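Enquirer: Mind having a look at this structure? Questions to follow.
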Amino acid sequence: MLHFYLSPHWSSTHRAALWFFPLVSAYAALIMPLTLYSFVYPDGLPGLADRTGHAYEMFFGIGLGLVAGYLLGVQKRSFMTILLVGWGASRVTHLWFPFSWWSLACQAVFVLALLWRLVPKLRVAKKWRNRMLVPLMVMLGLLPLIAVVAAQLSGVWAQHNRLAGSSLLLFALLMVYMGGRAIAPAAAGAHQERGRDLQARVQPRLEGALIVLLGGAALVQPWVRPELVGVVVAIAGILVLVRLARWRLGSLWGRTDLLCLGVGYGWLGLGLLMFGVTRLLHWPSTAILHMITVGALGTLSTGMMARVVLRRTLGVPPPPVGLVLITLCLAVATLSRCAADVHWLLPRADWLRVSVAAWSTAYAGLTVWLFMAVLYGGKSTNPGVRL
């Protein structure tokens with residue numbers, strides 16, 4: 001770790017992606033086995049002993065860590081140290097003292113430092129669709145703090161999971177936006193290399209509709225009937241799939257990185273559609289939620305982390321075979337997690353073991369890639385997102 005901190009790629013500044021992505025990937029590889037162990041055995045980690053703690057770490061541990069790595073760009077060493085200590089301390093305190101005041105204090109350090117740098121950076125955007133990131137980031141940053149306070153005062157998070165539902169939809173909206181902004185220009189460039197012109201790129205009307213639908217559903221979800229939320233989210237899922245189809249990624253067989261990102265975007269659209277259907281018909285939705293958290297978040301995050309870090313350090317795209325294997329592992333993790341809730345062919349416990357093994361295998365392989373690239377790569381440029 002000391003060699004990592006003193007790596008010659010950094011002097012007075014640090015690139016957030018090259019710090020957060022390897023650490024978040026390693027944490028993601030560990031968190032699922034720890035969760036399964038904590039579900040089964042009483043000596044497991046208290047913060048992972050139930051679904052609420054597991055959801056909290058998926059959204060506000062892994063999710064916000066990915067946001068920090070993807071959006072912050074180059075920062076000073078002192079600020080990166082504060083941010084990393086806050087993120088790490090908030091993970092430790094939540095795992096051992098879930099929804100405690102200690103957890104709140106550590107998470108507040110990380111979140112407030114993150115928002116302090118992100119909000120001014122995002123406010124310079126001209127279009128309303130880009131400026132939407134400001135309230136979205138503020139809401140995603142404040143939700144973990146609200147969750148801890150609510151759990152301490154009234155148990156809202158633990159008893160009703162209303163904040164968890166809103167968190168899921170807000171992270172889905174973030175994936176819709178960030179995934180589209182990554183895939184659309186890359187797909188246009190790949191088509192142009194093949195002598196074709198891609199007319200449907202960002203697709204601003206569809207993007208604007210998705211922002212309104214998912215943002216509105218996240219805000220009203222705790223207080224309105226589930227059928228209304230179901231209709232809105234199902235429509236959003238259909239629009240995501242339409243947007244994906246118009247990128248024509250199926251004709252880009254030479255671009256494995258884009259095809260794998262397309263798979264993740266497909267999981268997102270399918271997950272939103274099925275989540276809306278389950279809400280509309282009052283069916284259990286736990287299995288379907290994992291299409292979004294495991295399928296979409298897992299596939300999009302691994303694809304983006306590999307793409308950003310390897311291009312910024314080695315100047316090369318991710319190896320196609322490795323990227324395909326990671327994507328297949330996450331597909332297995334998603335399908336087996338869904339199968340666990342319907343008890344298809346195998347007992348639930350066996351499906352959960354398969355899902356955890358596949359997820360951790362994918363992230364463990366990615367972690368090795370990222371650490372090796374950061375430690376020994378020679379190229380380094382700003383990975384921040386241009387709006």
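The values are calculated or read from the model by the stated rules, or taken from the named source; none is laboratory data. Bear in mind the structure is a predicted one, so any value in this text is a computation, not a measurement. Here Cβ is always computed from backbone atoms with ideal geometry, including for glycine, and neighbour counts include all displayed protein chains. For accessibility, only protein heavy atoms count, side chains too; no ligands or nucleic acids. Shrake-Rupley method; radii C 1.70, N 1.55, O 1.52, S 1.80 Å.
Enquirer: Exactly one condition in (1) in a helix (DSSP H, G or I); (2) more than 21 Å from Gly295 (Cβ to Cβ); (3) open to solvent by 20 Å² or more (accessible area, probe 1.4 Å) is false for Gly208; which is it?
Expert: Failed condition: (3).
Enquirer: Of all residues in region 349-381, how many are modelled with pLDDT of 90 or more, open to solvent by 30 Å² or more (accessible area, probe 1.4 Å) and not hydrophobic (A, V, I, L, M, F, W, C)?
Expert: Looking only at that region, the number is 4.
Enquirer: Given the conditions (1) without any contact (Cβ under 8 Å) to a residue 40 or more places away in the chain; (2) aromatic (Phe, Trp, Tyr); (3) within 21 Å of Thr361 (Cα to Cα), which single one is not true for Trp267?
Expert: That leaves (1) as the condition not met.
Enquirer: Could you check how many residues of region 223-233 are open to solvent by 10 Å² or more (accessible area, probe 1.4 Å) and at pLDDT below 95? Can you show your working first?
Expert: Start the filter on region 223-233 by keeping residues that are open to solvent by 10 Å² or more (accessible area, probe 1.4 Å), which leaves 223-228, 231-232.
Checking the rest, the ones that are also at pLDDT below 95 come to 223-228.
Summing the residues that are open to solvent by 10 Å² or more (accessible area, probe 1.4 Å) and at pLDDT below 95 in region 223-233 gives 6.
Enquirer: Still on this model: Leu198 passes all but one of (1) surrounded by 16 or more Cβ atoms within 10 Å (Cβ to Cβ); (2) within 27 Å of Leu140 (Cα to Cα); (3) of a type outside the set (S, T, N, Q); which number fails?
Expert: (2)
Enquirer: Kindly list, by first and then second residue, each pair from a residue in region 172-200 that is within 14 Å of Leu261 (Cα to Cα) and touching a residue at least 60 places away in the same chain (Cβ under 8 Å) to a residue that is surrounded by fewer than 18 Cβ atoms within 10 Å (Cβ to Cβ) and among the β-branched types (Val, Ile, Thr), limited to pairs with Cβ atoms under 6 Å and residues at least 6 apart or on different chains.
Expert: Every condition considered, the pairs that remain are Ala184/Val202.
Enquirer: Continuing with the same structure: Confirm whether Ala29 is surrounded by fewer than 21 Cβ atoms within 10 Å (Cβ to Cβ), out of contact with any His (no Cβ under 8 Å at 6 or more places or on another chain) and assigned to a helix (DSSP H, G or I). Reasoning before the result, please.
Expert: On the way: surrounded by fewer than 21 Cβ atoms within 10 Å (Cβ to Cβ): yes; out of contact with any His (no Cβ under 8 Å at 6 or more places or on another chain): yes; assigned to a helix (DSSP H, G or I): yes.
Against the criterion (surrounded by fewer than 21 Cβ atoms within 10 Å (Cβ to Cβ), out of contact with any His (no Cβ under 8 Å at 6 or more places or on another chain) and assigned to a helix (DSSP H, G or I)), Ala29 qualifies.
Enquirer: A follow-up question, please. Name the residues in region 120-144 that are surrounded by fewer than 16 Cβ atoms within 10 Å (Cβ to Cβ), modelled with pLDDT of 90 or more and either closer than 15 Å to Leu174 by Cβ or touching a Gly at 6+ places or on another chain (Cβ under 7 Å) (or both), would you?
Expert: Passing the criteria: Pro135, Val138, Leu142.
Enquirer: Does any residue of region 6-19 turn out to be of a type outside the set (Asp, Glu), open to solvent by 20 Å² or more (accessible area, probe 1.4 Å) and either part of a helix (DSSP H, G or I) or modelled with pLDDT of 95 or more (or both)? Break it down stepwise before answering.
Expert: Looking only at region 6-19, we keep the residues that are of a type outside the set (Asp, Glu), and these are 6-19.
Keeping just the survivors that are open to solvent by 20 Å² or more (accessible area, probe 1.4 Å) gives 6, 8-9, 11-13, 15.
Subsequent filtering for residues that are either part of a helix (DSSP H, G or I) or modelled with pLDDT of 95 or more (or both) retains none.
No, there is no match, as no residue in region 6-19 is of a type outside the set (Asp, Glu), open to solvent by 20 Å² or more (accessible area, probe 1.4 Å) and either part of a helix (DSSP H, G or I) or modelled with pLDDT of 95 or more (or both).
Enquirer: Considering each residue of region 71-93, count those that are assigned to a helix (DSSP H, G or I) and open to solvent by 40 Å² or more (accessible area, probe 1.4 Å), and give that number. Reasoning before the result, please.
Expert: Kept after step one, since they are assigned to a helix (DSSP H, G or I), are these residues of region 71-93: 71, 77-93.
Those left that are additionally open to solvent by 40 Å² or more (accessible area, probe 1.4 Å): 77-78, 81-82, 85, 92.
Adding up the residues that qualify gives 6.
Enquirer: Now for a separate question. Run Val324 past the list (1) at pLDDT 90 or above; (2) under 24 Å from Leu173 (Cβ atoms) and report the number of the one that doesn't hold.
Expert: (2)
Enquirer: Could you check Tyr27 against (1) modelled with pLDDT of 95 or more; (2) aromatic (Phe, Trp, Tyr); (3) touching a Phe, Trp or Tyr at 6+ places or on another chain (Cβ under 7 Å) and say which number it fails?
Expert: Of everything listed in (1) modelled with pLDDT of 95 or more; (2) aromatic (Phe, Trp, Tyr); (3) touching a Phe, Trp or Tyr at 6+ places or on another chain (Cβ under 7 Å), Tyr27 misses just condition (3).
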